[in-house]
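I have placed the structure first, in the form of structure tokens, so that the comments after it can refer back to it.
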Amino acid sequence: MNQSIPETLKGKTYIDPRTDTGFKNLFASKDAIKDFVDGILHLKGDDRIKDLKYSFDEAIRFMVPKERKISLDAFATTGSNRFLNIEMQKADHGFFIDRTVLYKAFLIIKGKQDMENTEEFKALTKEEREGRRYEIPECISIWICDFELPQTMGSYIDEWAVYSRESLSKGCTETVFPKNKYIMVNLPRFDKTADEVKDPVDMWLYVLKHAHEGKPLPDFGNDIVNEALNRIKIENLDKTTLTEAEKEMTTKEELACCFAYAKIKGREEGRKEGLEEGRKEGLEEGRKEGLEESRKEVEKKAKLEMVDAMLANPKFTDEDISAISGVLLEEIAKRRVQR
């Protein structure tokens with residue numbers, strides 16, 4: 001065994017492709033991104049992506065009215081001016097759907113600006129440019145969620161777009177604006193076995209879901225997927241990459257968001273349960289005690305669930321959890337002993 005491999009990664013075949021480092025290495029080629037996107041968008045024949053440019057951690061800044069910045073996990077532009085954003089999301093948090101819409105808004109604005117800076121657009125006459133004042137390019141957001149996404153209604157892949165309620169009521173399921181869509185992947189619901197995996201999308205999802213488990217993955221006969229697997233194979237990676245892969249976990253920003261939402265949820269659920277208990281007893285004192293006990297119980301449960309989620313990661317540091325309360329730190333210490 002190579003001595004540069006961190007202790008926590010020894011015995012494993014791949015780094016976790018759901019982390020930033022693993023995700024970037026997995027999709028670190030045009031062929032990999034094209035293979036995944038062609039499949040998930042059901043592009044066939046001449047509609048398949050012929051060329052694209054891509055980057056990771058693409059930073060977008062706008063003044064609205066003060067400066068706002070977001071970083072896209074993977075940003076790509078195809079030769080046909082289709083703009084793509086691929087996000088790997090490990091943890092759920094409050095207002096997640098709001099976040100997907102916000103990111104799409106930034107993606108559309110960036111796409112609009114980039115489109116108007118192309119040589120093709122600049123070559124248009126003034127009248128033609130004026131006629132296309134409000135035109136935006138096709139913008140697609142792909143969210144791979146490593147948590148339960150109830151809005152997908154039972155499927156592991158869902159497509160969201162702009163629809164007419166009236167048309168839907170009459171049986172028409174065509175989107176009124178096909179240039180704006182979200183592809184939502186509910187990774188926990190992907191339960192196909194290796195034998196059941198046939199198409200490229202399922203191959204990529206199988207890799208994302210199972211590569212971190214430690215064992216070598218099967219050869220699906222897809223050279224692009226096999227090359228990607230070699231890029232996340234521990235024995236092929238340098239010490240710096242392995243160190244980053246070992247440290248990575250849910251970001252501090254996401255942790256703060258998750259804990260804040262857990263506290264809000266705990267208060268709301270506790271209030272509901274406490275009020276109901278107090279109503280049944282018919283006593284003001286009972287209402288107060290029920291409210292407080294329920295609030296504490298729900299909040300404690302939310303914290304313990306977050307502890308388990310954090311300990312599922314190979315390693316985390318005190319800096320990563322510095323925002324966590326003393327009660328939560330005590331629970332982490334207890335569970336470390338139990339492990």
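The values are calculated or read from the model by the stated rules, or taken from the named source; none is laboratory data. All values reported here derive from a predicted model rather than from experimental measurement. Every residue, glycine among them, receives a Cβ derived from its backbone with ideal geometry; neighbour counts consider all protein chains shown. Ligands, DNA and RNA are stripped out before the accessible areas are found, and what is left, the full protein with its side chains, is counted by its heavy atoms. Shrake-Rupley method; radii C 1.70, N 1.55, O 1.52, S 1.80 Å.
Things worth noting here:
- Any chance residue 95 is among the aromatic types (Phe, Trp, Tyr), farther than 27 Å from residue 133 by Cβ and open to solvent by less than 50 Å² (accessible area, probe 1.4 Å): no
- If the condition is being more than 24 Å from residue 46 (Cβ to Cβ) and in contact with a strand residue (DSSP E or B) (Cβ under 7 Å, 6 or more places away or on another chain), then the stretch 86-113 contributes 87, 88, 89, 100, 103, 104, 106, 107, 108, 109, 110.
- Inter-residue pairs, beta-carbon under 9 Å, first outside any helix (DSSP H, G or I) and in the stretch 194-207, second buried (at least 21 other Cβ atoms within 10 Å of the Cβ) and hydrophobic (A, V, I, L, M, F, W, C), 6+ apart: 197/203; 197/205
- Residue within the stretch 75-86 that is open to solvent by 40 Å² or more (accessible area, probe 1.4 Å) and either more than 26 Å from residue 48 (Cβ to Cβ) or part of a helix (DSSP H, G or I) (or both) present: no
- Taken over the stretch 107-147, the criterion of being in a helix (DSSP H, G or I), of a type in the set (Gly, Ala, Ser) and open to solvent by 20 Å² or more (accessible area, probe 1.4 Å) is satisfied by 131 alone.
- Test: residue in the stretch 53-67 that is within 26 Å of residue 158 (Cβ to Cβ), open to solvent by less than 30 Å² (accessible area, probe 1.4 Å) and either in contact with a Cys (Cβ under 8 Å, 6 or more places away or on another chain) or at pLDDT 95 or above (or both): no
- Residue selected from the stretch 158-172 under the condition of a type outside the set (Gly, Ala, Ser) and more than 22 Å from residue 143 (Cα to Cα), by the criterion least open to solvent (accessible area, probe 1.4 Å): 172
- Residue match in the stretch 148-157 (condition: charged (D, E, K, R), at pLDDT 95 or above and surrounded by 11 or more Cβ atoms within 10 Å (Cβ to Cβ)): no
- Hey, residue 186 modelled with pLDDT of 95 or more and touching a Cys at 6+ places or on another chain (Cβ under 7 Å) or not: yes
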